[in-house]
Amino acid sequence: MPKSPHLPKRPRWSSLLLLALGLTLLLIPLRYAAQHYYEAQLAEQNGQTLDLYVANLLGTLRRYEVLPDLLGDLPVLRHALEGQGDGSAQDAASQMLEDIRQRTGADVIYLMQDDGTCLSSSNYRQPDSFVGRDFSFRPYYKAAMQGQPGRFFGLGTTSSKRGYYFAAAVRDGARAIGVVVVKVDLDSAERLWGNAPEQLLVTDDLGVVILTSHDAWRFRATHPLDERQREQVNANRPYPTTNPAPLTLVPGDWLTQTRNLDEVGWTARILAPREMVERQVRSALYVGAATLLALLLLLVVMTLRRRHFIERLALDARAKRDLELSVEERTRDLQTLNARLQQEVHDREQAQRELMRAQDEAVQAGKLSALGTMSASISHELNQPLAAIRSYTENAVVLLDHDRLDDARGNLKLIGELTTRMANIIAHLKAYARGARRAPESVVLQGALEDALALVAARRRAMQVELIRDLPDAPLWVQAGETRLRQIISNLLSNALDALAEKTSTRRLWLTTSIDERGVTLILRDNGPGFSSEALARAHEPFFTTKATAQGLGLGLAICDNLLRTLGGHLHLSNHGDGGAEVRLYLLHGKPGVASVPQEEVRG
Ligand code: ADP
């Protein structure tokens, strides 16, 4: 079994959840960091705003600080003080103060007599004119009369407008003959603040709110007043009420910054709602959470992709395993097949060996058969001359009985020739059997044909076979041996006669030749039954015969073919279009020479 390939671990959702939890916890430090950052930022901004505001407020106050002192030296004012009851001097002073008020931007400037009654005032023309009114209860009057600079915050008794009062005595030598007061409007200092979410809170030395951007806080005490302070309030009446309501601010709701205005004994505060920071912190948290969420989503997507990838890997691995398994299976099959093939090859080799052994045996048998063939051939070839000798002998006996000695001698001579021929045949068969080849000589075809015809002449006549010859007169020289050629032709003639024997009507035998550049063809045709199709295919084989065993040995055509091949020629068997067999004997051209007694014949 192949080992499964190492696959990366599948990502787990639980670990992802844990990671999400971890990431969420990150929001806590983020919250603190954001809060710290925004608080610091806000504190810096508000610090700057408060500094600016305080500088502006102090600047406004300082502008008027020295004015009462300077005005005290004006002759018009002194004149008014000195000529008390003189209306025109009073009016002149009031006009002067009105003029100075306009130029300095102060709220009201007025001149008091030493008893605290207002003598001249810049608002002398207005319905709420201070002229003739008693301000001796005001602390600034008291202070100025005692030679100290008068400073006071309070509401105007007639206008109810908040103001800061600067007062200085007008002196005649060491004696204070009157007091000059400059009231600075503070409402405008409050309006300066505008509509910012941060709130302004300015408290006086008693801790009571005198300037604020938040209406509800105005004139409320940031801490409870003690007895002395309450008495002070009762006496000076700086606020619209003698008992300021307490102001309680929840410290957690506000981010506060404080500046002390030592010159006036006030404290300025800027209060930023903590909600401002909280809003920004929340935004930062939202952004952080969104980033974390995006990160988580990215992780989820990556996780999904990884899972997908791992699953694909697993699938691939499984497919690979399956493939390996099927390859293994195929290999096993192939091995089995191979083993079977090897077995078959082995069996074949075994069979081959057996076949070769059988072949050896067959060859051995063939040799025996060749021996049989040989003896059969001998008997076959010798039977014809033997038959002829028998008939000559019988004739010679008859001739001797009739004292026809010459004729008898002629027969005996023929017998002698036949025995010579028989000896020749035997010698030739021996040569054939040995496979010896004698070099072909030039032989005249017509001569061999005549000899062969002579051998079968008696039988042909007895069978009344018509012989039709169409041969040229000029000798046709062919490459052959005299005996072998005669033997071949006589064999063919005797086959033709055998075939014609089966016929009852006119028996004919045609003998023709054809010549071309290669050689000479002798054509033997009969009007017998012709070759059967089996005979056409197998007649060359030794021992193929369609004749009764007594008649045929099946050696004639085999010997002829064999002999012809040794002469460079060949035999061709066919049937003629008009019926009957046609045998063609192909022979090579021989060198023309002198027709003589065949050399191969052995004469006894
Ligand atoms: P055999 O004559 O002993 O049978 P051959 O080899 O001479 O042997 O002839 C083989 C066979 O060829 C014959 O048995 C015969 O069937 C056929 N054959 C030969 N010559 C002729 C012919 N002229 N006409 C018809 N058949 C022939």
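The table below gives the values:
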quantity: Single condition T258 does not satisfy, out of (1) surrounded by 15 or more Cβ atoms within 10 Å (Cβ to Cβ); (2) modelled with pLDDT of 90 or more; calculated: (1)
quantity: Residue check for V233: in contact with a Pro (Cβ under 6 Å, 6 or more places away or on another chain), closer than 30 Å to L111 by Cβ and β-branched (V, I, T); calculated: no
quantity: Some residue of the stretch 141-163 being over 60 Å from the mean Cα position of the chain (by Cα), under 18 Å from R78 (Cα atoms) and aliphatic (A, V, I, L, M); calculated: yes
quantity: Residue ranges of helices (runs of 4 or more DSSP H) in the stretch 1-100 with at least 2 members exposed (fewer than 12 other Cβ atoms within 10 Å of the Cβ), under 60 Å from the mean Cα position of the chain (by Cα) and modelled with pLDDT under 85; calculated: 13-25
quantity: Filtered residue count, the stretch 478-508, keeping only those that are assigned to a strand (DSSP E or B) and either without any contact (Cβ under 8 Å) to a residue 12 or more places away in the chain or surrounded by 23 or more Cβ atoms within 10 Å (Cβ to Cβ) (or both); calculated: 2
quantity: Selection within the stretch 535-577 - more than 10 Å from the ligand (Cβ to nearest atom) and either within 60 Å of the chain's Cα centre (by Cα) or not in a loop (DSSP other than H, G, I, E, B) (or both); calculated: A537, N562, L563, L564, R565, T566, H570, L571, H572, S574
quantity: Members of the stretch 480-534 found to be away from the ligand (no atom under 13 Å from the Cβ), out of contact with any His (no Cβ under 6 Å at 6 or more places or on another chain) and small (G, A, S), listed by number; calculated: A480, G481, S505, S514
quantity: Cβ-Cβ under 7 Å pairs, at least 6 apart or on other chains, the stretch 219-239 side among the basic types (K, R), far side at pLDDT below 90; calculated: R237/G154
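The values are calculated or read from the model by the stated rules, or taken from the named source; none is laboratory data. For clarity, every value in this text was computed on a predicted model and none was experimentally measured. So basically every Cβ, Gly included, is an ideal-geometry build from the backbone, and we count neighbours across all protein chains shown.
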